Amino acid sequence: MVFALLLVAGQLGQLDAPAEAPKQRVTYVAEAQTVAAAKRTVLELRFHVDSGFHVNSHTPKSDLQIPTALALGAGAGVKIATAEYPAGKEFSFSFDPNEKLDVYSDDFVVKVPVVATAGPHELKGELKYQACDHAACYPPRTLPVDVVFTAK
Amino acid sequence: MAIDLIATGSPVEGEVYVGRKLILIAVMVAGISLLVWAGVHNARERRLEMQQAAIPKATLSSDTAGSADASSPEQMTPKLQGKAAPAFTLVDLDGKKVSLADYKGKPVFVNFWATWCEPCKLEMPWLEDFSKKYKPQGLVVLGISTDDGGKDLVAKTAKKLGVSYPILLKNDKIEDAYGLEYMPQSFYVDKTGKVLIATAGISDGQGGKDAIEANIQKLLAAGGQ
């Protein structure tokens, strides 16, 4: 009976343990920004793709490929316009040099035009992407993004 | 039966017994409490780790090209290799149920792919060739799509690639059952239902096709005719 109790007690911590989160291949490089208040200005959101990986650009060459896309929620005192994405770079897998892809690798910046009232602001959202390395592709992922900035 | 404590100064037998019992109970309660605390603490730590992992972090990226990644296909050990292939019942593009058990006693090549996976789409025409070439020797090729969208896109893509072997649609259990982390992943299941070979990713150039064919030949050779 003591042994049974010990077993149960030991498992209690496991009951609500969440499943391990899938590994992200893109990181959001969070930087607090200061912008002009009450006029159209641009937030720059910097992302880093893990070395050895690439993600489809916002405009991949095939409609089967999953584009990189940012979605930001509304914030009080902030009007958000459509995000502006950088141009991708041409890439081909070594095993299929004829298939040209349009990708981001290393660092890329997504620009978000905003008009904000004076004061501190925070916008929450996510970046959706799908990454590959030189031999395999990983399921689509969403990366939480938290944009903190001040309008003066 | 008790010896008078006051008269002799010696411990009363009954009280000693009760005392020992109380100590034992106290130790047990303390032990159980410690285990419960450890479990709760562990759960809390895991939740914190999860939250930390979800929070975007600034990174001082100084990675150099070619750095090894511990979870890349080359680094991962095929977890199912040598073990029984997890059973499944999935639906094909015509809505018909297909189970791995339907092919008991036959060598089965199970290939996981997705419409968004370029390496997958490169190798599927090879698999079609092998499916036809080795069908007389009993080989069964099954393609399992891991797409989240509807079957129409999967069917359209498979047709465009010239695939005629069965294409099955995933359910919500199979990715965990087979430990899928990237595409393509293939499992060579022998006649006894054991995963003889498990592979992930695609090799460069013609080596990729040759490697798959070599594995198929091993699969057919395993366990006799």
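Every read-out reported here was derived from the displayed coordinates using simple, explicitly stated rules and does not represent laboratory data. Computed from a predicted model, the values in this text were never measured in an experiment. Neighbour counts run over all protein chains shown; Cβ positions are idealised from the backbone, glycine included.
Please tell me which of these pairs span more than 31 angstrom C-alpha to C-alpha: A:K128/B:K156; A:K79/A:K100; B:K79/B:K151; A:K61/B:K133; A:K23/B:K133? Over 31 Å Cα-Cα: A:K79/A:K100; A:K61/B:K133; A:K23/B:K133.
For the residues of B:113-124, the average number of beta carbons from a partner chain within 10 Å of their own beta carbon is 5.
For the residues of B:26-39, the average number of beta carbons from a partner chain within 10 Å of their own beta carbon is 3. Among beta bridges from DSSP that stay inside region B:137-225, the antiparallel ones total about 60%.
Rounded, prolate or oblate, given the Cα gyration tensor of region B:71-225, with a/c below 1.5 counting as rounded? Rounded, since a/c falls under 1.5. Let me know the shape class of chain A, please: from the alpha-carbon gyration tensor, a ≥ b ≥ c as square roots of the eigenvalues, rounded when a/c is under 1.5, otherwise prolate if a/b is greater than b/c, or oblate. Since a/c reaches 1.5 but b/c is at least a/b, the shape of chain A is classed as oblate. Each residue of region B:149-154 was assigned a 3J(HN,Hα) from its phi angle through the Karplus curve 6.51 cos²θ - 1.76 cosθ + 1.60 (θ = phi - 60°); the sequence is x, x, 6, 4, 5, 4 Hz, with glycine and proline shown as x.
The trypsin sites (Lys or Arg not before Pro) found in region B:146-225 that occupy coil by DSSP, while having at most 15 further C-beta atoms within 10 Å, are B:K173.
Note on chain A: GNM, Cα springs under 10 Å; of A:E126, A:E99, A:E90, the largest mean-square fluctuation is that of A:E99. Between A:A131, A:A83, A:A37, the residue with the greatest mean-square fluctuation in the GNM of chain A (Cα pairs under 10 Å linked by springs) is A:A37.
Take every DSSP beta bridge whose two residues both sit in chain A; close to 95 percent of them are antiparallel. Between A:F108, A:F53, A:F93, the GNM of chain A built on Cα springs shorter than 10 angstrom shows A:F93 fluctuating the most.
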